[in-house]
Amino acid sequence: MAQIRYATQVTAACVIGSLFAAGGVLLGTDLVAIGLATVGVGLAVALTWRVTMTSDDSSQKRLVTMIRLAEEGHRLAIFDRQTGLYADWYMQLRFREEAARSERYGQPVTLLSVWANSDDDFPAIVRGLTDGLRATDLPGYHDRLHCVVLLPGTTPEGGLALARRILDGAATEAMVGAAQHPGDGHTYRDMLDAAQRNRTELLAA
């Protein structure tokens, strides 16, 4: 029972750590968010070690289940439940990382905003963002009918061309706007506002 109680505590700590990490990012405290997320991963690793030290097969199976629950809790904190895209707090964190990298190496980074015209169009756009991006691109859910894509090493022109390909593949249309760091802004909010100012309607081919 002590082992199961320990596993339950670790699982709860991982989930709570992930939620606190989200709060840290929203408050603008990057180090706190990163630290708490690391603690959550560390607890999962500690639990894995605990499994290796457990000799009883049934206890091992229960502990492995707890590990999977902890990993799932961390995953759910990063991804939006409705769409499967990255959660908005995580997109803010990753933007800060990519913006710092852009400033260090002089490479462009573009934020692409995509607004679906209706609830019926939205699932097709989400599927297009899920399937049609490079491994380095980060698609996120911002709010109702509004998705964003973080595009490292890409100009706004390249981002709009990508949006065109995605919308053509989805056979739908949307409002799309692109903003480039640092010319259009230094913060995530600045980039969202600039993308909205720059938005234009892209029609399906």
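Each residue of the range 146-158 was assigned a 3J(HN,Hα) from its phi angle through the Karplus curve 6.51 cos²θ - 1.76 cosθ + 1.60 (θ = phi - 60°); the sequence is 10, 10, 10, 9, 9, 10, x, x, 10, 7, x, 4, x Hz, with glycine and proline shown as x. For G140, the residues 5 or more places off, or on other chains, whose built amide H falls under 5 Å of its own are Y86, V148, V149, L150.
Per-residue extension of 0.36 nm, minus the Cα-Cα distance of R127 and A100, leaves a gain of 6.8 nm for this segment. Annotation: extensible slack from Q107 through T155 equals 16.4 nm (criterion: 0.36 nm per residue apart, minus Cα-Cα distance). Take the Cα of R165, step 7 Å toward its Cβ, do the same at A135, and the gap between the two points is 1.6 nm. 3J(HN,Hα) along the range 121-137, derived from phi through the Karplus expression 6.51 cos²θ - 1.76 cosθ + 1.60 where θ = phi - 60°, amounts to 7, 4, x, 5, 5, 4, 4, x, 5, 5, 9, x, 10, 6, 5, 7, 7 Hz, with x in place of Gly and Pro.
Taking every protein chain into account, the accessible area of the range 132-184 amounts to 40 square angstrom per residue (probe 1.4 Å). Remark: spin-label model distance D120-R81 equals 2.8 nm, labels positioned 7 Å along the Cα→Cβ axis.
The values are calculated or read from the model by the stated rules, or taken from the named source; none is laboratory data. This is a predicted model, so every value here is computed, not measured. Every residue, glycine among them, receives a Cβ derived from its backbone with ideal geometry; neighbour counts consider all protein chains shown. SASA here: full protein model, heavy atoms, side chains in, ligands and nucleic acids out. Shrake-Rupley method; radii C 1.70, N 1.55, O 1.52, S 1.80 Å.
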